[in-house]
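Colleague: Before we start, here is the structure in question, set down as structure tokens.
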Amino acid sequence: MSISYTELANAVVQKMPVYEPGKPIEYVAREFGLEPDSIEKMASNENPFGASPKAVAAAQAALAEINMYPDGGTILLRDRLSKFWGLAPEQFFIGNGSNEALMILGQTFLNPDCEVIYGEQAFVVYKIMTTLAGAKAVPVAMPNYCTDLDAMRAAVTERTRMIIITEPNNPQGTASDPEALIAFAKSLPEHVILVVDEAYAEFSSKAADLRPLIAEGRKIVCTRTFSKLYGLAGFRIGYMYGSSEVIGLMNRVRQPFNVNLPAQAAAMAALDDTEFVEKTLRGNAEGIKTLYAGFEKLGLRYVPTQTNFILVHVGPNAGTVFVELEKRGVIVRPMKGYGMPESLRITVGTLAQNAKLLAALEAILNA
Ligand SMILES: Cc1ncc(COP(=O)(O)O)c(C=O)c1O
């Protein structure tokens, strides 16, 4: 055969970056001959306290109807979100993870004539959705690990269709000043859609409320996820809120039954589970303190976080430290792919996980 599949693939696909997920526990167990149960995954910002028990019970009950298609219009969940946020049900797009909502937004609005502005070391999905549409990526530097709103504003042209910012940022953990963000949103011209990825907003003390600006008719959409605070990453469910017009257009693009039945049930129950939410936020805040103290004791610099993970600088041997941590049963995320080869991103864990990570780090750095 002289023609490869790659040659036949769409030109945009040939340029697509590949999303590299955190290494699964089973993979690391096999690689280093470890017991899966002895491994702690602190790589993908999942909830270390498990999932909302109410959500799990609701999903289990929903399995009784698993022979049926899920509600393709996600009516009950959008009603529930409507009450939660004080927005109309038509203002919510429910996705197979907020990731899907972002991808559908890209498919709905981007084409090769468009430019998309986002942070240079931003979440890689923005690059994927931009590249897939054949649109031009306009990466903007992130000085001090922060979103540079002024530089983003200065990068706007007639062709800018979207600006995507993450509040707070992944993998940096930083957040913009809410007032500066609101002023920035107000400064944008009408042809630009501001996308605010709020995957970690519930952990942040600096989250801006953009609903009044959406109500004014400004072109702003925000994404949220059930994967982090609510501990439902495995169900793949998240959402976007914005004007009913933008959501209506996106609904034309999605699959008819894009969100599975137990996930919808779990998400609704999770929203009501304030006890689990509080437990997670409390545990995360304690974990952050423990990790800061541990890093300081080891003389490691880190970026103060508004999220459930911390970017820590371990130096030029970060790649080795990453592998040595794996050997000791702790999976974290190396940051070379994000242009930060000296750093690791570490999900805040339970008390036991944080202690294991810090002990392993100490042993590696002192070796
Ligand atoms: C910044 C950011 N946005 C979106 C997502 C995707 O989340 P979901 O699980 O809802 O697809 C993640 C997941 O890690 C993320 O870090």
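The values are calculated or read from the model by the stated rules, or taken from the named source; none is laboratory data. Remember, predicted model here, so these are calculated numbers, not experimental data. Note that each Cβ is placed from the backbone with ideal geometry, even for glycine, and that neighbours are counted across all protein chains shown.
Colleague: Checking the conditions here, which among 312, 321 is outside any helix (DSSP H, G or I), closer than 15 Å to residue 299 by Cβ and in the same structural domain as residue 282 (by TED's automatic domain parsing)?
Modeller: Step by step, each of 312, 321 is checked, and only 312 is outside any helix (DSSP H, G or I), closer than 15 Å to residue 299 by Cβ and in the same structural domain as residue 282 (by TED's automatic domain parsing).
Colleague: Right, next: Considering segment 306-330 alone, what residues qualify as being charged (D, E, K, R) and free of Cβ contacts under 8 Å to residues at least 60 places away in the same chain?
Modeller: 324, 328
Colleague: Right, next: Would you tally the residues in segment 76-94 being more than 17 Å from residue 240 (Cβ to Cβ) and touching a residue at least 12 places away in the same chain (Cβ under 8 Å)?
Modeller: Matching residues across segment 76-94 total 1.
Colleague: Return yes when residue 37 is over 17 Å from the mean Cα position of the chain (by Cα), in a helix (DSSP H, G or I), at pLDDT 95 or above and not hydrophobic (A, V, I, L, M, F, W, C) and no when it is not.
Modeller: No.
Colleague: When only residues in segment 156-168 that are assigned to a loop (DSSP other than H, G, I, E, B) and within 17 Å of residue 114 (Cα to Cα) count, which is farthest from the chain's Cα centre (by Cα)?
Modeller: 158
Colleague: Follow-up. Collect the residues in segment 156-169 that are crowded, with 19+ Cβ neighbours inside 10 Å, more than 12 Å from the ligand (Cβ to nearest atom) and among the hydroxyl-bearing types (Ser, Thr, Tyr), keeping them in residue-number order.
Modeller: Answer for segment 156-169, where residues must be crowded, with 19+ Cβ neighbours inside 10 Å, more than 12 Å from the ligand (Cβ to nearest atom) and among the hydroxyl-bearing types (Ser, Thr, Tyr): just 160.
Colleague: Counting only residues that are touching a residue at least 40 places away in the same chain (Cβ under 8 Å) and among the polar types (S, T, N, Q), which one in segment 184-212 is surrounded by the most Cβ atoms within 10 Å (Cβ to Cβ)?
Modeller: Among those residues, the one meeting the criterion is 204.
Colleague: Restricting to segment 40-57, name every residue that is more than 16 Å from residue 227 (Cα to Cα) and among the small types (Gly, Ala, Ser).
Modeller: 57
Colleague: Do we find that residue 29 is within 25 Å of residue 327 (Cβ to Cβ), surrounded by 10 or more Cβ atoms within 10 Å (Cβ to Cβ), free of Cβ contacts under 8 Å to residues at least 60 places away in the same chain and aliphatic (A, V, I, L, M) in this structure?
Modeller: When the stated conditions are applied, residue 29 passes them.
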